[in-house]
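Inspection log for the structure reproduced underneath, given as structure tokens.
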Amino acid sequence: MRLVTVACSTILLFGSNALAQETPAPEPAPQKPQSEKQHKKQLKKAKDELGDSLQHVIDEDLIYIIRPEERAAFNRLGSNEEREQFIEIIFNRRNPNPDSSVNEFKEEHYRRIAYANEHFSSGIPGWKSDRGHIYIVWGPPDEIDSHPTGGTYDRPMWQGGGSTTTYNWELWRYRHLEGIGDNIELEFVDPTGSGEYHLTTDPGEKDACTHVPGCGQSLSEILFGASKAQRLSNSNGTTLPAPIGGIPASEGEFERLDRYVRVLGPPPVHFKDLTADVSSRILRNQINISYDVAFLRATTDSVIVPITLQIPNGQMGYRTKDGVHSAIVNVYMRITTPGGRVIQTFEEAVAHDIPDSLFQKSLAQSSLYQKSVPLHPGLYRLDLVVKDVESGNAAVIGTSLRVPQYEEGLLNASSLILADKIEPVPSTQIGAGQFVFGPYKVRPRLSRTFTNAETLGIFMQLYNLKFDELFRETSASATYRLFRDKKEIWTSTESSGSIRRDGEQVTLNRRLPLAAFSPGHYTLEIKVTDQISHQTVTRTADFEISAAQ
């Protein structure tokens, strides 16, 4: 079970359906804040686990655009799968057209990196140079004043006037930079002649005559007899001669330093993800929802993915009419590839009606909603939004989906589903509707908490059992083992004679009364052995047993 507490601003959805009842999920234990030592240990562990390719993406590809809060969130992730997904989220946040099959920002970003490496490399890769940095973040300038061999330079009056000889240098002009301003000029100087230009805050740094007596005197020095040595004691951080007349406002000491810092920082994010958009309402608008996903094979190249949501009834808003309390929640789902290509979108308005006689009791319960989607094996991102129409409260889920590959000829199994209800469905309803898997209706218990007055439903499909060529049947055994505190307390075995076969589908479908088990934490293990191919497959699931009220 996964528990999510988030909120959102405005989403409009359409459709209708009904919610099924379930007992409420337990409240999550409050998380203790990390100590500084724990935080450092977590960062070290994350760095040790980070693969070379992910390290390359963070330290090179994203180094100039990733924002501090994004890097901090990345460092808190616990697995490379989560880190891969988060990298795609970083790109998707900046995608100007999120519903497109192509992430335009990502493509342009890598084009700029390639351009920088091709045009700005010297003793270091182009992406590491200052010109590469600026180009990758802000794109090509509107104008470039390039002096690849230096030459004569006529200073403007605010730089002291007069002529001098310069090192190699370039001036880049941008008409507008978001978050920086208009008519931005950035100067790069190569005083060593190595081809490595660096961004400078000192317009006098390109002057090759600064330290050469009798060379490149300024008009102000000639007129007023000032020494060139005075340039080196300027209080404004430059090596310029004394100005003649006023200095442009954009060239003030603090303005130059501020511009320098901001152009080297990460650019603003225009296309924020849903979670960022709704963070301002998180304290007063929230729904505590749980969710779970399962995987069941459809074909060798297609998997059915049931996505189940559990919504507390007490957190919905109701309207009452004719003795019936009615609530509506809007559910929106989007599944995308790691590259941002949209695979599926779905939206539905889900109705929940309760008669007045049951209303108070129902507020302590939860409701279930399930949507099954077919997907090819691979890695995806799932985004879900649940919004209560009456109150406006909402929850947002963003997570990864790694859909397994069920290879032909290899014994395998679906997810192990722990359910509070497993029942056959009429032949006309096979494979259709919420919670229906083939000929069964299987309602999962997302909280995985049962009382010892209940029966634990166990459901799992088996794939690729071998046929005995002589008897034209399969031969398999399933061993159930129940553990408490890592000690086996119960075991049972089923053979082929008692394992249910529905056409080509072999299903483990069992109900285990819990009256004989005391309250506590348990682990169920199911090990299936194919007696013909001698292959095995194992699935486990944890659950809690509590005392009946």
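The values are calculated or read from the model by the stated rules, or taken from the named source; none is laboratory data. From a predicted model like this one, the values you see are computed outputs, not experimental measurements. For neighbour counting, all protein chains shown are included, and Cβ atoms are generated from backbone atoms with ideal geometry for every residue, glycine included. Quick note on the areas: whole protein, heavy atoms, side chains included, nothing else; ligands and nucleic acids left out. Shrake-Rupley method; radii C 1.70, N 1.55, O 1.52, S 1.80 Å.
Taking residue 229, is it open to solvent by 60 Å² or more (accessible area, probe 1.4 Å), at pLDDT 85 or above, among the small types (Gly, Ala, Ser) and not in a loop (DSSP other than H, G, I, E, B)? In short, yes. I want to confirm something. Restricting to segment 120-133 and keeping residues that are part of a helix (DSSP H, G or I) and of a type in the set (Gly, Ala, Ser), which single residue is surrounded by the most Cβ atoms within 10 Å (Cβ to Cβ)? Of everything passing the filter in segment 120-133, 132 is surrounded by the most Cβ atoms within 10 Å (Cβ to Cβ).
Quick one: is residue 259 closer than 28 Å to residue 69 by Cα and either modelled with pLDDT under 90 or open to solvent by less than 20 Å² (accessible area, probe 1.4 Å) (or both)? Judged against the criteria, residue 259 is not a match.
In the set (1) in contact with a helix residue (DSSP H, G or I) (Cβ under 9 Å, 6 or more places away or on another chain); (2) at pLDDT 95 or above, residue 441 fails one condition alone, (2).
Condition check ((1) open to solvent by 70 Å² or more (accessible area, probe 1.4 Å); (2) modelled with pLDDT under 95; (3) in contact with a Ser or Thr (Cβ under 8 Å, 6 or more places away or on another chain)) across all residues:
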| site | (1), (2), (3) |
| --- | --- |
| 151 | no, yes, yes |
| 183 | yes, yes, yes |
| 188 | no, no, yes |
| 199 | no, no, no |
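Among the residues of segment 398-417, those identified as open to solvent by 20 Å² or more (accessible area, probe 1.4 Å), among the small types (Gly, Ala, Ser) and part of a loop (DSSP other than H, G, I, E, B) are 409, 415. Test residue 223 against the criterion of being surrounded by 12 or more Cβ atoms within 10 Å (Cβ to Cβ) and on the phi < 0 side of the Ramachandran plot, and give yes or no. Judged against the criteria, residue 223 is a match. Looking across segment 153-181, the residues that are of a type in the set (D, E, K, R) and surrounded by fewer than 20 Cβ atoms within 10 Å (Cβ to Cβ) come down to 154, 170, 173, 175, 178.
Yes or no, residue by residue, for (1) open to solvent by 10 Å² or more (accessible area, probe 1.4 Å); (2) part of a helix (DSSP H, G or I); (3) free of Cβ contacts under 8 Å to residues at least 12 places away in the same chain:
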| residue | (1), (2), (3) |
| --- | --- |
| 96 | yes, no, no |
| 105 | yes, yes, no |
| 110 | yes, yes, no |
| 113 | yes, yes, no |
| 118 | yes, yes, yes |
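Screening segment 52-70 for residues that are surrounded by 15 or more Cβ atoms within 10 Å (Cβ to Cβ) and more than 21 Å from residue 111 (Cβ to Cβ) and picking the one that is nearest to the chain's Cα centre (by Cα) gives 70. Selection of segment 327-343 for residues being of a type outside the set (Val, Ile, Thr), assigned to a strand (DSSP E or B) and out of contact with any His (no Cβ under 8 Å at 6 or more places or on another chain) yields 330, 332, 333, 334. Among residues of segment 373-397 being crowded, with 19+ Cβ neighbours inside 10 Å and small (Gly, Ala, Ser), the one that is nearest to residue 83 (Cα to Cα) is 395.
From the list 529, 474, 507, the one residue that fits, being surrounded by 15 or more Cβ atoms within 10 Å (Cβ to Cβ), closer than 17 Å to residue 418 by Cβ and in contact (Cβ under 8 Å) with a residue 24 or more places away in the chain, is 507. Name every residue in segment 346-357 that is without any contact (Cβ under 8 Å) to a residue 40 or more places away in the chain and part of a strand (DSSP E or B), in order of residue number. Answer for segment 346-357, where residues must be without any contact (Cβ under 8 Å) to a residue 40 or more places away in the chain and part of a strand (DSSP E or B): 346, 355. Within segment 299-326, the residues that satisfy the criterion of being under 30 Å from residue 380 (Cβ atoms), hydrophobic (A, V, I, L, M, F, W, C) and part of a strand (DSSP E or B) are 303, 304, 305, 307, 309, 311. Scanning segment 134-148 for residues that are in a helix (DSSP H, G or I) and open to solvent by less than 20 Å² (accessible area, probe 1.4 Å) turns up 134, 135, 136, 137. Got at least one residue in segment 462-472 being under 16 Å from residue 509 (Cβ atoms), aromatic (Phe, Trp, Tyr) and in a strand (DSSP E or B)? Yes, that holds for at least one residue.
Note on segment 315-344: residues that are without any contact (Cβ under 8 Å) to a residue 60 or more places away in the chain and either surrounded by 13 or more Cβ atoms within 10 Å (Cβ to Cβ) or out of contact with any helix residue (DSSP H, G or I) (no Cβ under 9 Å at 6 or more places or on another chain) (or both) total 10. The number of residues in segment 401-424 being out of contact with any Ser or Thr (no Cβ under 6 Å at 6 or more places or on another chain), within 28 Å of residue 344 (Cα to Cα) and at pLDDT below 90 comes to 2. Among the residues of segment 367-381, is there at least one that is among the aromatic types (Phe, Trp, Tyr) and within 20 Å of the chain's Cα centre (by Cα)? Checking segment 367-381: at least one residue is among the aromatic types (Phe, Trp, Tyr) and within 20 Å of the chain's Cα centre (by Cα).
Reported count of residues in segment 191-216, each being in contact with a Gly (Cβ under 9 Å, 6 or more places away or on another chain) and under 18 Å from residue 150 (Cβ atoms), is 12.
Residues of segment 76-92 include none that is over 18 Å from residue 195 (Cα atoms), at pLDDT 90 or above and surrounded by fewer than 18 Cβ atoms within 10 Å (Cβ to Cβ). Counting only strands (runs of 3 or more DSSP E) that sit wholly inside segment 155-211, those with at least 3 residues that are in contact (Cβ under 8 Å) with a residue 24 or more places away in the chain and among the hydrophobic types (A, V, I, L, M, F, W, C) are 168-177, 181-190.
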